[in-house]
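This report concerns only the one structure given below.
The values are calculated or read from the model by the stated rules, or taken from the named source; none is laboratory data. Predicted model only: the values in this text are computed from it and were never measured. So basically every Cβ, Gly included, is an ideal-geometry build from the backbone, and we count neighbours across all protein chains shown.
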Amino acid sequence: MDDSRNKRMSLAQTTARLRASEEHFRLLVESVRDYAIFLLDPEGYVATWNPGAERAKGYRAEEIIGRHFSEFYPEEDIRNGKCEMELIVAARDGRFEDEGWRKRKDGTLFWANVVITALRDERGDLVGYAKVTRDLTERKRAEEERVRLVAEQKAREAADAANRAKDDFLAHVSHELRTPLNAILGWARLLGTLDEAKRDRAIETIERNADAMRQLIDDLLDVSRIISGRMRLEVETVDLALVIERAVESVKVSADGKGIRVNVLLDNSAAVLGDPSRLQQVIWNLLTNAVKFTPRGGRISIIVRRFDSIAEIMVQDSGVGIASDALPHIFEPFWQGTDIMTNRAGRGLGLGLAISRKLVELHGGRIEARSDGEGLGTSMSVMLPVAVARAKREGPPTSKPGPESTPRLDGLRVLVVEDDHDARELVRTVMSDCGAVVTTASDVPEAMAAFERAPPDVLLSDIGLPGDDGYVLIRRIRSLPPERGGRVPAVAMTAYARSDDRVKALSAGFIVHLPKPVEPTELVMVVAALVKHHAGNA
C-alpha cells in the first residue's frame, strides 16, 4: 500500500516538475527579445510566436501564426527555392544555419542569422522545426563601414603612392632633360671664345646632347600616344634586312667606342607587314640597351629567322644580364630596376623597352626577354607575323589571289560574320576563289543558327556587330561541345587595332587578331596556317 502511494506521489512530483520546466521554458522564450524564437509545422507554417519575433519582424502573433515562413524572405530567395531548401537540409542534417537578408512586415530588410532545427518525436518522425533568428543588421553595417574605411585607406595609400611616383618621375624627367640642356647651354655660351679645335668639340657635344633630349621627348610623346590609343602605324611590306642594317648603323659609333663586336645573321626570306620606322625604333632600342649593358670587348648578335608564318628577331649580348626577380618587370614603363639595370650608365627614363613592347604588339607580335642571371648576358626576341609575298603579274593589278602566292582551301567550310555588305562580299569572294565553301552571317543570331545547321571548319568574324558583338559570339561558340564546333579556329577581323583590343580578342577565345584593312592574300595565308595548326593539334 505504501509502495503504491509512493509511486503515485513520485509520478505527481515528476509531472509537476515537467509542467514547471515547460512553464520556465515558456517564460524564457517569451522573455527573450533579442531573438525571434518560434516553431514551424513540418510544412513550414508558423505555429508559435514570441515577443522577440514580433520585435524583429513586426508581426503580432495573431497576424502570422498559420502563415508560411516564406513571408520573411525576399522575393528573389522565394523564386530560387531557398525556403524549401532550408527545411530539406534541416530535416536531413538536423540543423541548418545561414546569414542573409530577411524581410519585415513593412517590407524593409534586415541582416539575420538564422538557425533551423528539426524536431522529431520518440519514434523519429518529423513533427516540425524550431527557428531562431537574430537581427545582425547593426553588426553588418559596422562590418560594411569597416570595409569601406579600409578601402578608403587603401585608395588614399594608392593615391599617395601614385603622387609619389608622379613626383619621382617628374624629378627624374627634370634631371634627364636638364643634364643635356646644361651641356648645350654651357658650350653654346663658350663658342665665341673657343679656338677652332675646341669649337668643333663643342658643336659635336651640343649635337649629341640635343639628340639625347630629342630622344627623351620622343619617348614621352610615344608613351602618351600609346596610353591614349593614338599611336598610328604606316603599314607596308618591310624588308627586315634593311631595317636591321639601319638600326645597326645608328649604334655603330657607340658600339665601336666600347670595342663591342656586332654580328648580324639574316634570313632574307623574312619580310613583315608593318611600319618600317617603328620597327627600326624597336630594334634600335634593343641594340642600344645591349650596347649600354655590355662591357668593353663584348659581343652582340642579331639573328633573324623564319618559322612558318612568324619572323623572329633575336638580339643577344654578353652583357651584365638580368636578375630573375627583375625579368618580369623590364617591359614596365618607367621601371629602372636595381643598380645593375638602371640607366646611370647612360641617359633615359626606362621607357625604351616599354615602348618597344607596345609597338611590337601593335604589329600583332610579341616580345620576350631571357637571361640566365647577372653576368650571363641577355637575349631579347621579337616575333612578328611575316608578310605574304605577292606574285608579280603582267597587266593591271587584281585583288584575286594568285595560285603562286596563296594556298588552296578546297572544300574548307568557312563562316564569315560581318555586318558590312561590301566587306562581307569581299571576304566571301577571296575565300571562294581559293576553293572554300563559304557561309555568311551579319549578326550573332545568324551565326549561331549557322553553327546549329553545320559547324564550320573556320570562323572569320568582325567584332563590331549589330546587337551582340563578336566577343559575345566567340564566348557562345566556345561554350559549345567540340562536336558542335566549340573548338573551331576563329579569326577576329576588326578595325579595333590597339594592342588592348588584340589582348581582349584573344582572351575572349579568338586565336588570331587581324586588324583591318586585311590584305586578301594575308587572310588566305592566315586561314591556311590556322587550319594546318589546328589539324596538327587535333
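Got at least one residue in the stretch 174-195 being over 30 Å from K82 (Cα atoms), under 32 Å from the mean Cα position of the chain (by Cα), outside the structural domain of A56 (by TED's automatic domain parsing) and outside any strand (DSSP E or B)?
No, there is no match, as no residue in the stretch 174-195 is over 30 Å from K82 (Cα atoms), under 32 Å from the mean Cα position of the chain (by Cα), outside the structural domain of A56 (by TED's automatic domain parsing) and outside any strand (DSSP E or B).
List the pairs whose first member sits in the stretch 108-134 and is more than 13 Å from L39 (Cα to Cα), whose second member is modelled with pLDDT of 90 or more and aromatic (F, W, Y), and whose Cβ atoms are under 6 Å apart, counting only residues at least 6 apart or on separate chains?
Going by the 6 Å Cβ cut-off, the qualifying pairs are L109/W101.
To keep it simple, each residue is scored yes or no on (1) assigned to a loop (DSSP other than H, G, I, E, B); (2) closer than 30 Å to L221 by Cβ; (3) at pLDDT below 80; (4) of a type in the set (K, R).
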residue	(1), (2), (3), (4)
L349	yes, yes, yes, no
E374	yes, no, no, no
S399	yes, no, yes, no
D410	yes, no, no, no
D419	yes, no, no, no
E425	no, no, no, no
R428	no, no, no, yes
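Can you confirm whether A447 is of a type in the set (A, V, I, L, M), modelled with pLDDT of 85 or more and assigned to a helix (DSSP H, G or I)?
Yes.
Out of the stretch 297-311, which residues are of a type in the set (S, T, N, Q) and farther than 13 Å from I244 by Cβ?
Of everything in the stretch 297-311, just one residue is of a type in the set (S, T, N, Q) and farther than 13 Å from I244 by Cβ, namely S309.
May I ask you to list pairs of residues, at least six apart or on different chains, whose Cβ atoms are under 9 Å apart, with the first in the stretch 516-535 being surrounded by fewer than 18 Cβ atoms within 10 Å (Cβ to Cβ) and the second being in a helix (DSSP H, G or I)?
The qualifying pairs are K516/A423.
I'm trying to understand the selection: among the residues of the stretch 457-503, which are in a helix (DSSP H, G or I), among the small types (G, A, S) and either buried (at least 22 other Cβ atoms within 10 Å of the Cβ) or not assigned by TED's automatic domain parsing to the domain that holds K532 (or both)?
Selection gives G470 alone.
Being small (G, A, S) and within 39 Å of the chain's Cα centre (by Cα) is the filter; apply it to the stretch 250-270 and report the residue that is surrounded by the most Cβ atoms within 10 Å (Cβ to Cβ).
Selected residue: A270.
Please list, ordered by first then second residue, the pairs with beta carbon atoms under 9 Å, 6 or more apart or interchain, first in the stretch 193-218 and surrounded by 13 or more Cβ atoms within 10 Å (Cβ to Cβ), second modelled with pLDDT under 85 and basic (K, R).
Hits for this filter: A212/R347; Q215/R347; L216/R347.
For the stretch 255-277, state whether one or more residues are more than 22 Å from F331 (Cβ to Cβ) and basic (K, R).
Among the residues of the stretch 255-277, at least one is more than 22 Å from F331 (Cβ to Cβ) and basic (K, R), which makes the answer yes.
Suppose we filter the stretch 69-117 for residues that are in contact with a Leu (Cβ under 7 Å, 6 or more places away or on another chain) and polar (S, T, N, Q); how many remain?
Here the count works out to 1.
R139 - would you say it is modelled with pLDDT of 90 or more and assigned to a helix (DSSP H, G or I)?
Judged against the criteria, R139 is not a match.
So A247 fits all but one of (1) assigned to a loop (DSSP other than H, G, I, E, B); (2) within 36 Å of the chain's Cα centre (by Cα); (3) within 26 Å of E204 (Cα to Cα); what number is the exception?
Going through the list (1) assigned to a loop (DSSP other than H, G, I, E, B); (2) within 36 Å of the chain's Cα centre (by Cα); (3) within 26 Å of E204 (Cα to Cα), A247 breaks only (1).
Could you check the stretch 250-261 and list, in sequence order, the residues that are outside any loop (DSSP other than H, G, I, E, B) and of a type in the set (V, I, T)?
V251, V253
Could you check the stretch 198-218 and list, in sequence order, the residues that are aliphatic (A, V, I, L, M) and at pLDDT 85 or above?
Within the stretch 198-218, A202, I203, I206 qualify.
Could you list, in sequence order, all residues of the stretch 77-99 that are touching a strand residue (DSSP E or B) at 6+ places or on another chain (Cβ under 9 Å), surrounded by fewer than 17 Cβ atoms within 10 Å (Cβ to Cβ) and not hydrophobic (A, V, I, L, M, F, W, C)?
Matches in the stretch 77-99: K82, R92, D93, G94, R95, E97, D98, E99.
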